[in-house]
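Step one of this worksheet: look at the structure below.
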Amino acid sequence: MPPRPRCSAIADRLILALCLAAWGSACAPEATAPESTLTAFVGATLVDGTGGPSRPDAVVLVEGERIVAVGSRGAVDVPGDATVVDVSGRWLVPGLIDAHVHFFESGRIYTKPGQIDLTHLVPYPDEVAWMKQRVPATLRAYLCAGVTTAVSVGGPRFEYEVRSAAQSIAAAPNVVVGHGPLTLVPAEVLFPPFDGDVSVRSVTDTESARTTVREAVAWGADLIKTGVLGGPFAAYEADYAAVHDAVVEAARVEGLRVTAHVTELEAARTLIEAGVDSLQHLPLDALVDEAFLRLAAERGVIVVPTLAVGPRNFVQPYDRSYDLLPIEEICGDPQVIASWYEVDDLPPLGGGFAELFAAGDGVPQQNIRRLHEAGIPLAAGSDAGNFGLLHGASLHYELDRMQAAGIPAADLLVAATLHAARVGGVGAEVGSVEVEKRADLLILDADPLEDVSALQAIHRVVKSGRVFERDELLPTR
Ligand SMILES: [Zn+2]
């Protein structure tokens, strides 16, 4: 778990015991490489995730789960007892980070009854049971796709259970849990209770906003998630600006960063003014204006555009026009993909979503370009778990959509590594290939600065210093 050092062997043993009880042999006492192991990755072109120039013929020395030296061949002293891995002719980049996932959604067509109600086919408790027993496979799917950290941005207590599992399962990403209240939306609108717990917390006053942040801290949140869901924002009379101010203030007292769901321009402005650190999604109702761009730049806000969720969740399930990338076919959970074809004749969604999210140069694409041109940092987030979006591999679809909107490959690599780490508040721990950071690395067969699809050409995945062959990470049928 990146944000907090593992302080107690007893706590570690407890987490492992809980993991073993729920998922059996998938849980391993040694989720990371032994501390004394030295491994030198030698000869690759290093693209370190900071946005700086690439470095040919690099050496990255890893001890246990940490990077201990980075430099050119000859400049880094490789001890005689180190295992040398020759990666000449390849590229070495940080493990990818998805800045927007939900583990309480499986990606199956049955997972979001508020949008498509198929509970007559699969009752929601059955869907919940499916997700729970599938946790090890879901986590492995992230590593298969090269995603070594996933930021959960909201859900029930289950998100914390998945984080605990990830700490005990070797083939699993780091999991960062965001938690907190959204305004405007009644909690029961989108999701029935998940094991008796609410999935979307809703508040309308400042006191319950503070209470929800304190609850999140008590549960062990790494990040506070807030936002506005269910606009139009301007039509509501309650003082939502004050509610968001209270959320941010309470988070600051706890030393936590705040990320916010928003799809409306005026609500986004209010949230930035309240002091949130990042926005999830984009304003979709209007083009961002100069004043907005200036405000976002002044406040240093990171934007997670989530372009993939539009076509994948709001368009493709309804006409089955899924356009899976090769890595989605390889690493996606086959049971999840199969579910998309199990139900005929979904009623059309309506509401203008198909038009809004049509391929081409609409408001989402123009807004992401405006933000990028204004120098606003972008981070990659897939919204995986929504049906149509595969845990793990859908981050590549997000990057594909961002590239199609005009964002250069070099900036996309930073968006999917260091910027995404900062959204999760773990930028000091992961997100770049630098000394003292966790050794979460990808070895690639293609140049990621040429085209973002090179991030799909994964030769090896290194997670917390442990090297995985691609075959070890493929889904079981
Ligand atoms: Zn989401």
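Any read-out appearing in this document is the output of simple, stated calculations on the displayed coordinates, not a laboratory observation. Computed from a predicted structure; not experimentally measured. Every residue, glycine as well, gets a Cβ built from its backbone with ideal geometry; the counts of neighbours run over all protein chains shown.
So what's the angle, to the nearest 10 degrees on a 0 to 90 scale, between helix 135-144 and the longest Cα principal axis of the chain?
In the chain, helix 135-144 runs at an angle near 60 degrees to the longest axis.
How would you rank W219, W340, going from fewest to most other Cβ atoms within 10 Å of each one's own Cβ?
On the way: W219 12, W340 17.
Ascending number of Cβ neighbours within 10 Å: W219, W340.
Roughly how tilted is helix 265-274, in degrees to the nearest 10 and between 0 and 90, from the longest Cα axis of the chain?
Relative to the chain, helix 265-274 is tipped by roughly 60 degrees.
Divide, for region 86-223, the radius of gyration over alpha carbons by 2.2 N^0.38 Å, where N is the residue count. List each step's numbers first, then the result.
On the way: Rg = 16.8 Å, N = 138, 2.2 N^0.38 = 14.3 Å.
Against the compact-globule rule of thumb, the ratio is 1.17.
Let's test the formula: R0 of 35 Å, r as the Cβ-Cβ distance of A11 and L287. What FRET efficiency results, to the nearest 0.05?
After rounding to 0.05, the efficiency reads 0.10.
Please give the length that would be gained between A69 and T119 if that part of the chain were fully extended, namely 0.36 nm times their separation in residues minus their C-alpha to C-alpha distance (nm, one decimal). All intermediate terms of the calculation are to be shown ahead of the outcome.
Numbers: separation 50, 0.36 × 50 = 18.00 nm, distance 5.32 nm.
Stretched out fully, the A69 to T119 stretch lengthens by 12.7 nm.
Quote the charge dipole size of the chain about the Cα centre in Debye, to the nearest 20; the model charges only the Cβ of Lys and Arg (+1) and of Asp and Glu (-1). Don't skip to the end; give the middle numbers.
Working: 36 positive and 63 negative charges, 184 e Å.
Charge dipole, the chain, about its Cα centre: 880 debye, nearest 20.
For the pair R252 and A338, how long in nm is the line joining their label points, each one 7 Å along Cα→Cβ?
5.2 nm
Please rank S88, S168, S339, S54, fewest neighbouring Cβ atoms within 10 Å first, as an exposure proxy. List each step's numbers first, then the result.
Details: S88 10, S168 24, S339 21, S54 18.
In order of increasing Cβ crowding within 10 Å: S88, S54, S339, S168.
Given L121, A26, L282, which one lies farthest toward the positive end of the charge dipole of the chain, if we put +1 on the Cβ of every Lys and Arg and -1 on the Cβ of every Asp and Glu?
Result: A26, furthest along the dipole toward the positive end.
Positive end of the charge dipole of region 96-432 (Lys, Arg +1 and Asp, Glu -1 on Cβ, about the Cα centre): tell me which of I109, A405, G392 has its Cα farthest that way.
Ranked along the dipole, the leading option is G392.
Considering the Cα trace of region 96-432, what is its radius of gyration and what is Dmax, both in angstroms?
Just the Cα atoms of region 96-432 yield Rg and Dmax of 18.2, 50 Å.
Applying 1/(1 + (r/R0)^6) with R0 = 22 Å to the Cβ-Cβ distance of A242 and R214, what FRET efficiency is obtained, to the nearest 0.05?
Details: r = 18 Å, r/R0 = 0.80.
E between A242 and R214, to the nearest 0.05, is 0.80.
Dipole of region 29-154 (Lys/Arg Cβ +1, Asp/Glu Cβ -1, origin at the Cα centre): which of V42, C144, A69 lies farthest to the positive side?
In region 29-154, that residue is C144.
Using only the alpha-carbon atoms, how far is helix 363-373 inclined from the longest principal axis of the chain? Give it as 0 to 90 degrees, nearest 10.
50 degrees
Where does region 407-477 land on Rg(C-alpha)/(2.2 N^0.38 Å)?
On the way: Rg = 13.1 Å, N = 71, 2.2 N^0.38 = 11.1 Å.
Here the answer is 1.18, to two decimals.
Using +1 on the beta carbon of Lys and Arg, -1 on that of Asp and Glu, and nothing else charged, what's the dipole of region 275-356 about the Cα centre, debye to 20?
On the way: 4 positive and 14 negative charges, 56 e Å.
With Lys and Arg at +1 and Asp and Glu at -1, about 280 debye.
Peptides 205-214, 349-358, 55-64: what's the order by average Cβ count within 10 Å, highest mean first?
Numbers: 205-214: 18.1, 349-358: 13.5, 55-64: 20.4.
Ranked from most to least packed, the peptides come out as 55-64, 205-214, 349-358.
Compute the separation of the alpha-carbon centres of region 406-421 and region 94-116 and state it in Å as a whole number.
Between the Cα centres of region 406-421 and region 94-116 lies a distance of 21 Å.
Return the Rg/Rh value of region 268-372, two decimal places, where both radii are evaluated on C-alpha atoms and Rh is the Kirkwood radius. Walk me through the intermediate numbers first.
Values: Rg = 16.9 Å, Rh = 15.9 Å.
Here Rg/Rh amounts to 1.06.
Using only alpha-carbon positions, what ratio does the radius of gyration of region 363-433 give when scaled by 2.2 N^0.38 Å? Spell out each step's value before the answer.
Numbers: Rg = 12.3 Å, N = 71, 2.2 N^0.38 = 11.1 Å.
Against the empirical 2.2 N^0.38 Å value, I get 1.11 for region 363-433.
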